[in-house]
Amino acid sequence: DNRLGGWYAYRASKAALNQVLRTLAVETARTHPDLIVAGLHPGTVQTGLSQPFRPEPGPGLFTPQESAAHLLRVIAGLTREESGRVLAWDGQPIPP
């Protein structure tokens, strides 16, 4: 949620990762036109790492198995036109 502010280093690293993915997609399209480069956001996964930050059970909170299943579904539906994008667990694009 970028409306909260703060977490500068974390947000900067995510912005850098997004640009790396976009640049990699452009570069690889030249030599491997069928290759798809995508970043995936797994939602909030119920792990010890996420516990201090996660909401109460509800939409977007998954077990590791559920999250993996969502990501595999998104990967299976990717198209070349989506190369270089970052997508959420439900396949929705995450704005740069």
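The table below gives the values:
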| quantity | calculated |
| --- | --- |
| Residues of the range 1-52 classified as assigned to a loop (DSSP other than H, G, I, E, B), touching a strand residue (DSSP E or B) at 6+ places or on another chain (Cβ under 9 Å) and touching a residue at least 12 places away in the same chain (Cβ under 8 Å), total | 4 |
| Total residues in the range 81-96, condition of a type outside the set (D, E, K, R) and in contact (Cβ under 8 Å) with a residue 24 or more places away in the chain | 8 |
| Criterion (touching a Gly at 6+ places or on another chain (Cβ under 9 Å) and at pLDDT 90 or above) met by exactly one of Leu21, Leu40 | Leu21 |
| Selection count where residues are over 14 Å from Arg80 (Cα atoms) and hydroxyl-bearing (Ser, Thr, Tyr), scope the range 6-38 | 4 |
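The values are calculated or read from the model by the stated rules, or taken from the named source; none is laboratory data. Everything numeric in this text was worked out from a predicted model, so none of it was measured. Reconstructed Cβ throughout: ideal geometry from the backbone, glycine too, with neighbour counts over all protein chains shown.
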